[in-house]
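Visitor: First the structure, then my questions, so here it is.
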Amino acid sequence: MATKIEVSPCGDAALRVTVVGTGTDDVWRAVHRLAGWLNRGAVHPTVSAVPTYDAVLVEFDPYHATAEAITSHIDFWDAMPGEDEPVRSGVIDVPVLFGGDAGPDLGWVADVIGEPVARVVELVCAKEHLIRCLGGPAASAMTDGPDFPVPVPRLATPRLRVPPGAISVAGRQLVIGPVAAPSGWRQIGRTPLDILRTDAEAVVPYRPGDRVRFRPVGQVAYDGLLGTPMRYRHDD
Amino acid sequence: MTDRPELYVESATAAVVTDLGRTRGPSRGLAVNGALDQFAARAANALVGNAPTDPLIETTGFGLTLRPSHDVLMAVTGAPSEPAVDGRPYPAWTPLSVRAGETVRVGISDAGLRAYVAVHGSFDVPRLMGSCAPDSMIEFGTPVTSGAPLSLFRSHPPLVNRRFGATVFDFGIPRDIGRVPGVLDVIDGPDAAEFGSGLQRLFDSRYTVTPRINHVGLRVAGYVPRRSAPGEVLSRGVPVGAIEAPTGDELLVLMRGRGITAGYPVLAVLTSRAQDVAAQLRPGQEIRFRRTTAAAATAAYLERRRLLDRIALRARTAFAALS
């Protein structure tokens, strides 16, 4: 594996483990494999890992594990032959009402990338978006963005509240937000599906490695789908 | 009165049932949340013979008044305050035997912000990923509201005649246990180098706690170091206690309700002990940041955890001998 691992302290109860490499996908896969290994209790059951793009935040209780022990375990993991276990990859179909109140920034995004609104929707729905990580707030799905010609700048002043189910873009990323929250991303649409479930351990129906396929719907279809639980395509 | 013991809430303003936090949350995209003063929460449960992760009450900024339906064993810790039972003051940081129908008033003094109330046997509340800790983002949790009862798993027979008071219990707790120092120990963050010489001024400056403080973050006014390195930062997991320097004239100190990822560089990180201190800071309070090492912070943390182990052991031994 053409990667290198760097560990830096993050206070007395966390470490930042950065994977350095040339291929973005290789780095991301290594980050999620390492986090999975740590979350399965490889060092200690109390050690937990938050994987993102090129880094894993490793949190621990200094009463049960030390930074030194975790670091040496990670060195050992890095030296293990990289059996590339397949990352789980389910597909989730997500109906989206674009523009209007559901996507107040759609027209603005169209102007920025220099395409008509219809073409923006086409680009968003053209491919399956890979979920790279779960992020704040509340297990939002952070995915690779649509194939826009230029990155999309964030809002100068974040909105105090975007609604649950908002589909937003910024930079070269796209995010699906399960809950109402403040956001500086550009909201282009909204899904009628229910994403969050606090009566289930998983809380959200997706994991990093899953793929999302967006499908444009009109207001009538949107209203008809309101409250339908989000789930995998193969769960039919 | 029902057979099931209950704690009736006569008055509460900003109180919740919480625990040490949703430790499995961050790996699934959720904040850890839980008691902001972890030491005080652990101590309260230890003092009544509970498990460290048992649910307990956290009250912020305002006191509360409780009335048990059965005889119970309670402990109040956190912000320096003396609980009162039917108007008579009793010490905090020690087990408190309360009879059915008596009124317990828990105040918050100006010397702190949060108090914890543990009850032997703990509360019967819903959990998510094994934790009852409230999460405001996903609207999960059990608030403590005036006029509502909280279900308890067990009652506890009166341990002692209260005329002998707290002298019966001596768990070796230091007298200054609830004192809130004005100095927060921090460790250089993983992105400290990006701030160049500005980092040193973090330790030379005085800061004032603003009114914008909650379980997500604490904003402090004062000198804000600027990054010398330009460019966007990739979203990464940020630890609880991270000190971020967004634009503006306030530093942001992340607390346990923080979103787990952020695109800001991490200047420095509060030690675990300093996070407990930060939980007790009040608006207007002046603070300083003091640089320490991870090794020194861990040594200080382990000393406190061993104190908790001793309290828990002595409490269990005392209750076993008395019952």
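Visitor: Would a scan of the range A:194-202 turn up a residue that is β-branched (Val, Ile, Thr) and within 14 Å of chain B (Cβ to nearest Cβ)?
Guide: Looking through the range A:194-202, at least one residue is β-branched (Val, Ile, Thr) and within 14 Å of chain B (Cβ to nearest Cβ).
Visitor: How about the range A:1-30: which of its residues are farther than 19 Å from A:PRO62 by Cα and at the interface with chain B (Cβ under 10 Å from one of its Cβ atoms)?
Guide: A:GLU6, A:THR18, listed by residue number.
Visitor: Given the conditions (1) free of Cβ contacts under 8 Å to residues at least 40 places away in the same chain; (2) surrounded by 21 or more Cβ atoms within 10 Å (Cβ to Cβ), and given that B:CYS132 satisfies all but one, which numbered condition is not satisfied?
Guide: (1)
Visitor: So which residues in the range A:98-136 are surrounded by fewer than 16 Cβ atoms within 10 Å (Cβ to Cβ) and of a type in the set (Lys, Arg)?
Guide: A:ARG119, A:LYS127
Visitor: While we're looking at this one, here's another question. Taking the range B:281-301 as the region of interest, how many residues are more than 21 Å from B:ASP188 (Cβ to Cβ) and surrounded by 14 or more Cβ atoms within 10 Å (Cβ to Cβ)?
Guide: Selection size over the range B:281-301: 4.
Visitor: Here are the criteria: (1) under 28 Å from B:GLY21 (Cα atoms); (2) touching a residue at least 40 places away in the same chain (Cβ under 8 Å). Tell me which single one B:ASP176 does not satisfy.
Guide: The failed condition is (2).
Visitor: How many residues does the range A:212-234 contain that are hydroxyl-bearing (Ser, Thr, Tyr) and either surrounded by 15 or more Cβ atoms within 10 Å (Cβ to Cβ) or closer than 20 Å to A:ARG88 by Cβ (or both)?
Guide: Residues flagged as hydroxyl-bearing (Ser, Thr, Tyr) and either surrounded by 15 or more Cβ atoms within 10 Å (Cβ to Cβ) or closer than 20 Å to A:ARG88 by Cβ (or both) within the range A:212-234 amount to 2.
Visitor: Output the number of residues of the range B:101-142 satisfying the condition of being more than 14 Å from every other protein chain (Cβ to nearest Cβ) and aliphatic (A, V, I, L, M).
Guide: Step one: of the range B:101-142, the residues more than 14 Å from every other protein chain (Cβ to nearest Cβ) are B:101-124.
Still in the list and also aliphatic (A, V, I, L, M): B:104, B:106, B:108, B:111, B:113, B:115, B:117-119.
The total comes to 9.
Visitor: Another one. Does at least one position in the range A:137-159 carry a residue that is modelled with pLDDT of 90 or more, in contact with a Pro (Cβ under 7 Å, 6 or more places away or on another chain) and over 17 Å from B:SER235 (Cβ atoms)?
Guide: no
Visitor: Might you check whether a residue that is more than 11 Å from chain B (Cβ to nearest Cβ) and not acidic (Asp, Glu) occurs anywhere in the range A:45-57?
Guide: Initial filter on the range A:45-57 (more than 11 Å from chain B (Cβ to nearest Cβ)): none.
No, the range A:45-57 contains no residue that is more than 11 Å from chain B (Cβ to nearest Cβ) and not acidic (Asp, Glu).
The values are calculated or read from the model by the stated rules, or taken from the named source; none is laboratory data. No experiment lies behind these values; they were computed from the predicted model shown. Backbone-built Cβ (ideal geometry, glycine too); neighbour counts: all protein chains shown.
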